[in-house]
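The values are calculated or read from the model by the stated rules, or taken from the named source; none is laboratory data. None of these values were measured; they are calculated from a predicted model. Here the Cβ positions follow ideal geometry from the backbone for every residue, glycine too, while neighbour counts run over all protein chains shown. The protein model used for the area step is the full one, side chains on, heavy atoms only, and it has no ligands, DNA or RNA in it. Shrake-Rupley method; radii C 1.70, N 1.55, O 1.52, S 1.80 Å.
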Amino acid sequence: METYESLLAAIVAETGDASTDPATDEVVGIAPARTPADLDRAVAAAHAAQPAWEALGHEKRSALLMDAADAVERSAAALAELISREQGKPLGGGAPSAMFEAGACAAWLRATASIELAPEVVIDDGETYATIEYKPVGVVGAIGPWNWPAMIAMWQIAPSLRMGNTVVVKPSEYTPLSVLALGAILGQVLPDGVVQVLSGGRELGAAFASHPGFGKIMFTGSTGTGKAIARSAADHLARVTLELGGNDAGIVLPDVDPAAVAPGLFWGAFINTGQTCAALKRLYVHEDVYDAVCDALVEVAAGAPLGHGVDDGVQLGPLTTAQQFGVVDRLVEDAKKSGARILLGGDPDRDAPGNFYPATLVADIAADRPLVTEEQFGPALPIIKYRDIDKAVEQANSVGVGLGGSVWSADREKARAVAGRIQTGTVWINQHGAVHPFVPFGGVKNSGYGVEFGVDGLKAVAVPQVING
Ligand code: NAD
């Protein structure tokens, strides 16, 4: 079992790119700045390792992945401290925390290793006999964001390895250490070349997307970068899964108990200080319960302490990047100027160290303000009043992205009927953002294409082979 210090010492370099703590602006460690030549070497090593990894077969591979999950669990406390210091989320505590993220890496790997994917008989009617079986694509290139650095890397790594691929991972330049640490822990158990993590910036990401050695690119990040990756990957026809940005709407029906739904609404929006792809980013509340829901949200928000993630009792951390602080600040200032009512927050100390932005609730905001129409990816929730459910659904569907959404009601069937009209990859009822290793997850419209998780997620990192006859 590692300590935080020994885990960090195993991955940092003498020179490279400094990764800083978003709460203090202090350097956490130096990540190696890898080059396209390093990528060539890593892809060659991944190709060299792949045939033996595939040849192990599902059973032996799954057993090794279970051992790797045990190794992650043994180092979870050290990994969590690194995630908290580098990304900013609370180390422990009530809200999904860095301990949750590190633990989820182990749990996700175990669950994915346990999924069965047997050959299917497609037709057997006496004339035609055809089966379909899923084979590895070869080497997967995985590019990730900074908000849930280790967990999202694991979402890409686990199915890829399970299917017999080898993987080369490029973490975000803002959170390289968390993913390098995860790679180092997996490397204690898995054969050389099976998982490699290369840290570097956008140029390295671009080199990944255009590298002919990858049979598949798994990408999680912004819509703009996703489109650039799809264009580059087209040159060599690499398969691509794109998990991109979202602007999830929640619709609250008039029959809810405001106090009962408020904690779920609040944490659906403010999980990880709002820096979650499928967080609740716009809330539509029926006029009958509007004031009561606003009051109940203020009460929950006022009880969620903001601070340095490693300090006791903190539930909301800083924004991971100064750039994201700027986005949230711009959107809230625009809302204020437009005459929207700030119920709480909206008053950051811009001169203090770190990227702290307080939890902000914005009422009586017009539906066309950028805080509603753009992805804020931070702790500021616009609350829009509606009278007519058709209008609320129309507004929920009016944006260019379609990752998640939610409907809140005392009547499950009524909620499910509204859910079916929302144009997103997932719609939750009376909750927002829950993911499960067996339940497919993905976006529509500009939120991307392809799904992760479950059997469909395994098929996404494989190629089908039909044997007919
Ligand atoms: P980003 O697109 O700026 O960066 C993501 C990764 O892409 C980084 O590793 C970066 O170095 C790399 N990159 C940058 N330019 C590249 C290029 N031209 N070619 C290849 N790679 C390149 O995204 P971000 O700011 O790190 O993440 C936030 C965004 O990610 C938000 O929009 C959020 O909604 C989205 N997100 C989506 C999901 C999902 O599952 N759908 C999950 C988490 C985050």
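How about the range 5-59: which of its residues are among the aliphatic types (A, V, I, L, M), in a strand (DSSP E or B) and touching an Asp or Glu at 6+ places or on another chain (Cβ under 9 Å)?
Residues satisfying the conditions are VAL27, VAL28, ILE30, ALA31.
Taking GLU299, is it open to solvent by 50 Å² or more (accessible area, probe 1.4 Å) and closer than 23 Å to ALA396 by Cβ?
Taking the combined requirement at face value, the residue does not satisfy it.
Would you check if VAL399 is in contact with a helix residue (DSSP H, G or I) (Cβ under 8 Å, 6 or more places away or on another chain), within 16 Å of the ligand (Cβ to nearest atom), in a loop (DSSP other than H, G, I, E, B) and in contact (Cβ under 8 Å) with a residue 60 or more places away in the chain?
Taking the combined requirement at face value, the residue satisfies it.
State the number of residues belonging to the range 278-296 that are open to solvent by 10 Å² or more (accessible area, probe 1.4 Å) and among the small types (Gly, Ala, Ser).
2
Looking at the range 135-146, can you tell me whether even one residue there is free of Cβ contacts under 8 Å to residues at least 60 places away in the same chain and buried (at least 24 other Cβ atoms within 10 Å of the Cβ)?
Among the residues of the range 135-146, not one is free of Cβ contacts under 8 Å to residues at least 60 places away in the same chain and buried (at least 24 other Cβ atoms within 10 Å of the Cβ), which makes the answer no.
Scan the range 210-217 and give yes if some residue there is touching a residue at least 12 places away in the same chain (Cβ under 8 Å), near the ligand (Cβ under 9 Å from one of its atoms) and farther than 20 Å from HIS47 by Cα, otherwise no.
The answer is no; no qualifying residue exists.
With the requirement that a residue be touching a Ser or Thr at 6+ places or on another chain (Cβ under 7 Å), without any contact (Cβ under 8 Å) to a residue 40 or more places away in the chain and either part of a strand (DSSP E or B) or basic (Lys, Arg) (or both), what does the range 343-380 give you?
The answer is ARG369, and nothing else.
Between VAL179, VAL167, which is away from the ligand (no atom under 11 Å from the Cβ) and touching a residue at least 24 places away in the same chain (Cβ under 8 Å)?
Just one listed residue meets the conditions, VAL167.
Being within 24 Å of ASP192 (Cα to Cα) and open to solvent by less than 40 Å² (accessible area, probe 1.4 Å) narrows it down to one residue among ALA52, ALA78, ALA98, ALA63; which is it?
ALA78
Tell me which of these ALA184 doesn't satisfy, since it passes every other one: (1) within 16 Å of the ligand (Cβ to nearest atom); (2) closer than 23 Å to ALA69 by Cα.
The one condition ALA184 does not meet is (1).
Being open to solvent by 60 Å² or more (accessible area, probe 1.4 Å), away from the ligand (no atom under 15 Å from the Cβ) and in contact with a helix residue (DSSP H, G or I) (Cβ under 9 Å, 6 or more places away or on another chain) narrows it down to one of ASN468, ASN430, so name that one.
The conditions single out ASN430.
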